[in-house]
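Since the structure comes first, as structure tokens, the remarks are kept for the end.
The values are calculated or read from the model by the stated rules, or taken from the named source; none is laboratory data. Given the structure is predicted, the values throughout are model-derived calculations rather than measurements. Positions of Cβ are generated from backbone atoms using ideal geometry, with glycine treated the same way; all protein chains shown enter the neighbour counts. Note: areas computed on protein heavy atoms with side chains; ligands, DNA, RNA excluded. Shrake-Rupley method; radii C 1.70, N 1.55, O 1.52, S 1.80 Å.
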Amino acid sequence: MSKRPSISFAKFAAVENGTAILLLAAEGKAAQEAESVVGQALLSRIIDVSDFKGKLAASLSTLAPSGTELDRLVLVGAGDPAKLKADDWLKLGGSAFSKIGKAKHVSVVLALPGADVSGENAADFALGILLRAYTFDKYKTKKGRNDESRDDKSSAKITLLVADPQAAKKAFANAEAVAEGVILARDLVNEPANILGPVEFAERIEELKKLDVKVEILDPKDMKKLGMGSLLGVAQGSVRPARLAIMEWQGGKGKEAPIAFVGKGVVFDSGGVSIKPAAGMDEMKGDMGGAAAVTGLLHTLASRKAKVNVVGIVGLVENMVDGNAQRPGDIVTSMSGQTIEVLNTDAEGRLVLADALYYCNERFQPKFMVNLATLTGAIMVALGQSHAGLFSNDDTLAAQLFDAGQSTGEKVWRMPLGAEYDKLIDTKNADMKNIGTRFGGAIIAAQFLKRFVGDTAWAHLDIAGTAMGTPASEYNQSWASGFGVRLLDRLVQDNFEG
């Protein structure tokens with residue numbers, strides 16, 4: 001896990017040393033608290049000379065003017081203060097952190113003209129700092145001169161100067177729990193597959209017991225007794241045995257039905273006998289991004305003592321080529337009793353989720369289920385990498401997920417389901433096949449999953465384009481984004497906590 005900068009909150013005061021960070025609104029307008037750091041006239045001169053327009057997340061770092069005890073001055077644009085959303089505050093925090101260099105003491109004046117910066121805003125700004133500070137370099141024994149080492153930045157002591165420090169501290173407690181969940185998810189996805197197999201992943205999940213999460217791990221014998229032929233078929237080509245991990249957080253009323261999150265955890269996907277091309281196959285260490293998000297979410301909910309009952313279930317397998325591997329044309333029987341003709345062994349994630357979803361629904365009878373999976377390349381063709389695909393049998397749940405995505409910046413876009421797609425997975429040899437036509441691949445995959453959820457409210461998030469390899473942002477410079485943790489935490493906070 002990467003080092004983290006120290007963050008504290010204090011009342012507005014004079015900034016007399018180290019690095020000062022000031023927020024500026026559009027057209028370079030500053031609050032009085034910011035102007036007092038170097039004086040209104042001097043700040044205006046710096047803004048004019050640098051032509052700094054105060055656009056959202058734009059930043060400028062300069063040597064501090066003579067006559068002050070400061071080392072550096074950093075300006076961060078906030079755009080129109082009236083239009084700032086939670087995700088924008090994360091961008092501001094990440095942008096600010098990117099400019100602190102080797103500073104050991106940093107003071108951030110969180111004030112904007114004509115706007116009140118709340119404790120929640122300050123906490124989101126701090127969350128942006130923590131997420132931007134993340135780096136995955138645990139396997140680098142040496143750092144070259146051109147490597148971007150964050151060791152110096154991560155040792156910085158950052159003080160956020162705010163109107164109400166107590167409100168900011170209270171809000172930051174939740175934000176810090178979110179950061180821990182996102183960072184855990186990023187760590188899991190970034191780990192190489194030779195280090196993180198199904199067994200090792202399950203061991204990482206068992207560490208959640210320290211947070212009072214109940215954890216149960218099923219091995220292949222347990223799953224065979226349950227009839228999970230769909231999941232086990234995927235795993236049979238690997239020498240590394242499958243695991244099904246069940247996480248339970250009891251933060252709500254004792255007998256209240258839980259809400260459930262299910263994740264695809266293919267720790268490495270070679271494609272099996274339907275082997276993938278060599279180019280880019282290394283990235284298939286991240287094919288467990290859904291399971292990582294569910295694990296990170298449970299960490300966050302337990303850390304902040306969320307007042308809700310939650311179940312998290314992840315199917316952990318490795319899809320490999322072997323003499324014992326599943327073959328195209330094989331027919332397997334899922335836990336539901338439905339049979340599946342496996343026509344492509346690289347359409348394996350849906351086979352894992354079929355048993356995980358059915359097991360979750362039968363055992364826990366949740367209010368709803370949301371599954372996350374790096375399921376199809378087709379969703380990236382449809383939506384690129386700025387939205388995850390959302391499929392659902394429940395309009396209310398779909399709307400709640402959309403709103404949570406708009407709030408957090410982890411955006412989702414609803415895709416269709418329907419009988420015309422469902423019939424594309426019918427086959428004369430079994431109850432269904434695991435692929436359809438070459439068109440609408442992401443929809444067909446979702447339609448396959450729908451056959452295993454019954455009448456329970458359900459949503460499927462295809463996060464293939466958003467969980468790994470996404471474009472860098474102000475608060476994520478990592479190959480693994482941790483997508484889903486903030487989205488689902490917001491879903492829970494806004495709709496399901498007592």
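Miscellaneous remarks
- Scanning the stretch 249-268 for residues that are in contact with a Gly (Cβ under 9 Å, 6 or more places away or on another chain) and either farther than 21 Å from ARG490 by Cβ or open to solvent by 40 Å² or more (accessible area, probe 1.4 Å) (or both) returns LYS253, GLU256, LYS264, GLY265, VAL266, VAL267, PHE268.
- Test: GLY271 is within 26 Å of the chain's Cα centre (by Cα), surrounded by fewer than 24 Cβ atoms within 10 Å (Cβ to Cβ) and free of Cβ contacts under 8 Å to residues at least 40 places away in the same chain: no
Every residue, every condition in (1) open to solvent by less than 20 Å² (accessible area, probe 1.4 Å); (2) not in a loop (DSSP other than H, G, I, E, B), yes or no:
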site: LEU401; (1), (2): yes, yes
site: GLY405; (1), (2): yes, yes
site: TYR421; (1), (2): no, yes
site: ILE435; (1), (2): no, no
site: ARG438; (1), (2): no, no
site: PHE452; (1), (2): yes, no
site: ALA464; (1), (2): yes, no
site: PRO471; (1), (2): no, no
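- Total residues in the stretch 444-463, condition touching a strand residue (DSSP E or B) at 6+ places or on another chain (Cβ under 8 Å) and closer than 20 Å to GLY271 by Cα: 6
- Being of a type in the set (Ser, Thr, Tyr), surrounded by 23 or more Cβ atoms within 10 Å (Cβ to Cβ) and under 17 Å from GLU216 (Cα atoms) is a condition met by no residue of the stretch 345-356.
- Evaluation of ASP287 against (1) more than 15 Å from ALA185 (Cα to Cα); (2) modelled with pLDDT of 95 or more; (3) charged (D, E, K, R) (one fails), failing number: (1)
- Count - residues of the stretch 379-398 that are surrounded by fewer than 21 Cβ atoms within 10 Å (Cβ to Cβ) and farther than 23 Å from PHE368 by Cα: 6
- Contacts under 8 angstrom Cβ, first residue in the stretch 211-226 being farther than 17 Å from TYR358 by Cα, partner of a type in the set (S, T, N, Q), 6 or more apart: LEU211/SER303; LYS214/GLN250
For (1) at pLDDT 95 or above; (2) open to solvent by less than 10 Å² (accessible area, probe 1.4 Å), each residue gets a yes or a no:
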{"site": "LEU63", "(1), (2)": "no, no"}
{"site": "ASP71", "(1), (2)": "no, no"}
{"site": "VAL76", "(1), (2)": "yes, yes"}
{"site": "ASP80", "(1), (2)": "yes, no"}
{"site": "GLY94", "(1), (2)": "yes, yes"}
{"site": "SER98", "(1), (2)": "yes, no"}
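- Of all the listed residues (THR427, THR396), the sole one being in a loop (DSSP other than H, G, I, E, B), β-branched (Val, Ile, Thr) and modelled with pLDDT of 95 or more is THR427.
- Residues located in the stretch 205-237, provided they are touching a Pro at 6+ places or on another chain (Cβ under 8 Å) and buried (at least 21 other Cβ atoms within 10 Å of the Cβ): LEU232, ALA235
- Checking SER274, SER230, SER238 one by one, the residue that is among the hydroxyl-bearing types (Ser, Thr, Tyr) and either part of a helix (DSSP H, G or I) or modelled with pLDDT under 95 (or both) is SER230 and no other.
- Test for ALA41: is it open to solvent by 40 Å² or more (accessible area, probe 1.4 Å) and more than 32 Å from the chain's Cα centre (by Cα): yes
- Some residue of the stretch 432-449 being under 29 Å from ALA257 (Cβ atoms) and either under 13 Å from the mean Cα position of the chain (by Cα) or among the charged types (D, E, K, R) (or both): no
- LYS285 vs. criteria out of contact with any Phe, Trp or Tyr (no Cβ under 9 Å at 6 or more places or on another chain), crowded, with 20+ Cβ neighbours inside 10 Å and closer than 26 Å to THR376 by Cα: no
- Here LEU487 fulfils each of the conditions (1) at pLDDT 95 or above; (2) within 13 Å of the chain's Cα centre (by Cα); (3) in a loop (DSSP other than H, G, I, E, B) apart from (3).
Every residue, every condition in (1) of a type outside the set (Val, Ile, Thr); (2) in contact (Cβ under 8 Å) with a residue 60 or more places away in the chain; (3) in contact with a strand residue (DSSP E or B) (Cβ under 8 Å, 6 or more places away or on another chain); (4) open to solvent by 40 Å² or more (accessible area, probe 1.4 Å), yes or no:
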| residue | (1), (2), (3), (4) |
| --- | --- |
| LEU297 | yes, yes, yes, no |
| ALA306 | yes, yes, yes, no |
| VAL310 | no, yes, yes, no |
| ILE313 | no, yes, yes, no |
| MET320 | yes, yes, yes, yes |
| GLY323 | yes, no, no, yes |
| SER336 | yes, yes, no, no |
| THR339 | no, yes, yes, no |
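- Looking only at residues of the stretch 274-285 that are among the aliphatic types (A, V, I, L, M) and closer than 20 Å to VAL352 by Cα, we find that the one that is nearest to the chain's Cα centre (by Cα) is MET284.
- Total residues in the stretch 1-29, condition in a loop (DSSP other than H, G, I, E, B) and either charged (D, E, K, R) or open to solvent by 50 Å² or more (accessible area, probe 1.4 Å) (or both): 8
- Strands (runs of 3 or more DSSP E) lying entirely in the stretch 286-372 (those with 1 or more residues that are under 27 Å from the mean Cα position of the chain (by Cα) and acidic (Asp, Glu)): 309-319
- Summed over the stretch 10-46, residues that are of a type in the set (A, V, I, L, M) and either under 21 Å from GLY101 (Cβ atoms) or in contact with an Asp or Glu (Cβ under 6 Å, 6 or more places away or on another chain) (or both) total 12.
- Consider the stretch 133-180 and keep the residues that are modelled with pLDDT under 95 and small (Gly, Ala, Ser). The one that is farthest from GLY119 (Cα to Cα) is GLY144.
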